[in-house]
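Asks: Below is a structure I'd like to ask you about.
The values are calculated or read from the model by the stated rules, or taken from the named source; none is laboratory data. Being a predicted model, the structure only gives us computed values, none of them experimental. Cβ coordinates were reconstructed from backbone atoms using ideal geometry, including for glycine residues, and neighbour counts include every protein chain displayed.
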Amino acid sequence: MQCVPCPDGAYQVTSNRANYCTRCTRCEEVVMNHWVSAILSQCTAISNTVCGCILGYHFTKDQRELERGFCQTNSLCSAGHGLVANASSFTDTQCKPCTNGTSYNPAQSLDPCHQCTTSCPNNTEMWHPCNTTHNMACIPDREMMHVVVESDSSTYLKAGMGSCVGFMVVLCSICFIKRRRQGTEKNDQSRQDISSILENIRKICLRSALTGSERGQDTVNEAKESFDREKYHSRLFHALTIWKQCCYRGNDTVMYEILCYAVNTHTTNVHFRRS
């Protein structure tokens, strides 16, 4: 018996007594969704065509169709799972669950499980522990935040007090000068000047508003009483001084209204007696 080589398009894998060669397989006959098929290895005289899929797909045999099958999209590892092995021409992506408290993977990906962070940085505390889908989360330490806030508040308080003291000294001096000139000015003009000064004081104090005043009402009452027991210049200066001591607190509007009313009432009474 004489043997001859297989022709192009045919092959023979083993030595035998066959009197013909087997036709090479065409991939569209094997891959049912052949538009995503690919030839992995060309047919030769001693091997058949090896069919597979384009990049991003793997070939899976259909158990009912013997050698036929489909190209399927390579899977991603779901959240909470990490990559073990990438997909090949004939196998899908291999993944494994992450270990709770030890490793995590936050989203679908081809990444292995990430190692959990084991401790928070300085001046922070744990917000929630590491699980299979999220790493440990840390937030600023509440005690440190409290210290920072107190420090900032103290700085602003000192700045507000300094501003109030400086402005009040200047404004009280202006009030004294204005009062000395009052005898030669009309009553309406005097009230307008005093109201303007008080309005400036109110704005300065409100700009430094920080915390509520626990002594607010006591300060108001003390300011009111001062108008009934001293001369006008001393009364006004005394009232403004008391107000200045608490102007960086929270009751500036109430104190302003009472002080303005008392000053205007006093001015009106003086003008009436002189008339």
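Asks: Taking the stated definitions as given, is Leu40 modelled with pLDDT of 90 or more and either of a type in the set (Asp, Glu) or outside any loop (DSSP other than H, G, I, E, B) (or both)? So that I can check it myself, show each step before the final result.
Replies: On the way: modelled with pLDDT of 90 or more: yes; either of a type in the set (Asp, Glu) or outside any loop (DSSP other than H, G, I, E, B) (or both): yes.
Yes; evaluated as a whole, the condition is true for this residue.
Asks: Still on this structure: For Ala107, all conditions in the list (1) out of contact with any Cys (no Cβ under 6 Å at 6 or more places or on another chain); (2) surrounded by 14 or more Cβ atoms within 10 Å (Cβ to Cβ) hold save one; what is the number of the exception?
Replies: (2)
Asks: Here's something else I'd like to know. For Thr25, only one of the following conditions fails: (1) in the same structural domain as Ser109 (by TED's automatic domain parsing); (2) more than 30 Å from His114 (Cα to Cα). What is its number?
Replies: (1)
Asks: Does any residue in the stretch 69-82 that is surrounded by fewer than 20 Cβ atoms within 10 Å (Cβ to Cβ) come within less than 6 Å, Cβ to Cβ, of a residue that is small (Gly, Ala, Ser) and not in a strand (DSSP E or B) six or more places away or on a different chain, and which pairs are these?
Replies: Taking only residues 6 or more apart or on different chains, the pairs are Asn74/Gly56; Asn74/Ala87; Ala79/Ala107.
Asks: Let me ask something additional. Within the stretch 51-77, how many residues are modelled with pLDDT of 95 or more and more than 30 Å from Pro112 (Cα to Cα)?
Replies: Going through the stretch 51-77 one residue at a time, the tally reaches 0.
Asks: Being in contact with a Phe, Trp or Tyr (Cβ under 8 Å, 6 or more places away or on another chain) and modelled with pLDDT of 90 or more is the requirement here; does Val30 meet it?
Replies: Working: in contact with a Phe, Trp or Tyr (Cβ under 8 Å, 6 or more places away or on another chain): no; modelled with pLDDT of 90 or more: yes.
Here the answer is no, as Val30 does not meet what is asked.
Asks: Here is a follow-up. Return a yes/no flag: does the stretch 66-81 have any residue that is of a type in the set (Lys, Arg) and in the same structural domain as Pro129 (by TED's automatic domain parsing). Even if it seems obvious, please write down each step before you answer.
Replies: Initial filter on the stretch 66-81 (of a type in the set (Lys, Arg)): 68.
This time we only want the ones that are in the same structural domain as Pro129 (by TED's automatic domain parsing), so: none.
No, every residue in the stretch 66-81 fails to be of a type in the set (Lys, Arg) and in the same structural domain as Pro129 (by TED's automatic domain parsing).
Asks: Also, quick follow-up: Of Cys95, Cys116, Cys130, Cys120, which residue is in contact with a Leu (Cβ under 8 Å, 6 or more places away or on another chain) and not assigned by TED's automatic domain parsing to the domain that holds Gly56?
Replies: The unique qualifying residue is Cys95.
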